[in-house]
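*Asks:* First the structure, then my questions, so here it is.
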Amino acid sequence: MIPGTVFGKPFCLFSEVNGRLLLNGQPAAGATVEREYYWRWGEKNYKDTVVADSDGRFHFPVATGRTLFGMLMIHQPVIEQKMKVDHQGKSYDIWEFMKMDYDFDSELARAGRSKRPLRLVCRLEQDMRVNLDLGPSSRCDFE
C-alpha cells in the first residue's frame, strides 16, 4: 500500500473494507483475509492480510497510490481487485472487481447508485456470483 497524494488529490486504489465472514451461519473466527490489487498504470501489485476476530469481522484501511505522470497524462484508471479467505484448510475467493476510477467508495456505485462504503457480509459456503447491477463478483452481501 502506498499512502499519498499528488497535488493534494489522493488516488483510491481500493476503498476501505469492513466485513464479516460466516461459514454455515457461524463466524469464521481466525480466518486469514488477503487483499490483493494490481494497479495497471504503474504495473504495481500490492497485497496485505488481516485476521478475522472472534465474531468473524475484518477491516482493511483505504489503499491509495500516487504518481506524478498519472495526474498529468490522460489515462483510464484500471485496478484489478481481489480478496480471498483461508479458513480451516480451505481457500475461498470472496471478491473480484475491476475498478475503473480513482474515486473513494466507488466500487458499488454502478448503475447510477451513489457511492457508499464497502460493508460486506461474506458467506463462505456460497458460490461466487456476479452482481450484474453493481459489478463485483463476490460471495458477499452488501450492507
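*Asks:* Could you give the length gained on full extension between MET100 and VAL78, defined as 0.36 nm per residue of separation minus the Cα-Cα distance, in nm?
*Replies:* Answer, rounded to one decimal: 7.4 nm.
*Asks:* In nm, give the distance between the simple-model label positions of ARG129 and ALA29, each being 7 Å from the Cα along the Cα-to-Cβ direction.
*Replies:* It works out to 2.9 nm between the two label points.
*Asks:* To continue, here is another question. Using a cut-off of 9 Å between beta-carbons, work out the net charge of the residues near PRO27 (Lys and Arg +1, Asp and Glu -1, PRO27 not included). It would help to have the intermediate numbers written out before the result.
*Replies:* On the way: positive: ARG20, ARG57; negative: ASP53, ASP55.
Neighbour charge sum, excluding PRO27 itself: 0.
*Asks:* A further question on this structure: Sticking with the crude label model, points 7 Å out along Cα→Cβ, report the distance from GLU16 to THR49 in nm, one decimal please.
*Replies:* Rounded to a tenth, the inter-label distance reads 2.5 nm.
*Asks:* Shifting gears a bit: Considering every Cα-Cα pair within segment 11-142, what fraction, in whole percent, is farther apart than 26 Å?
*Replies:* On the way: 1900 of 8646 pairs.
Everything past 26 Å amounts to 22 percent.
*Asks:* Using the Cβ atoms and a cut-off under 9 Å, what net charge is assigned to the surroundings of PHE104, where Lys and Arg are +1 and Asp and Glu are -1?
*Replies:* Numbers: positive: LYS115; negative: GLU16, ASP103, ASP105.
Result for the local shell: -2.
*Asks:* Can you give the net charge of the other residues whose Cβ lies under 13 Å from the Cβ of PHE58, counting K and R as +1 and D and E as -1?
*Replies:* Numbers: positive: ARG20, ARG35, ARG57, LYS84, ARG119; negative: GLU16, GLU34, ASP48, ASP53, ASP55, ASP86.
Summing Lys and Arg as +1 and Asp and Glu as -1 gives -1.
Each value in this text was obtained by applying a stated rule to the coordinates, not by laboratory testing. Model, not experiment: these values are computed from the prediction. Neighbour counts are summed over all protein chains in view; Cβ atoms, including those assigned to glycine, are modelled from backbone coordinates with ideal geometry.
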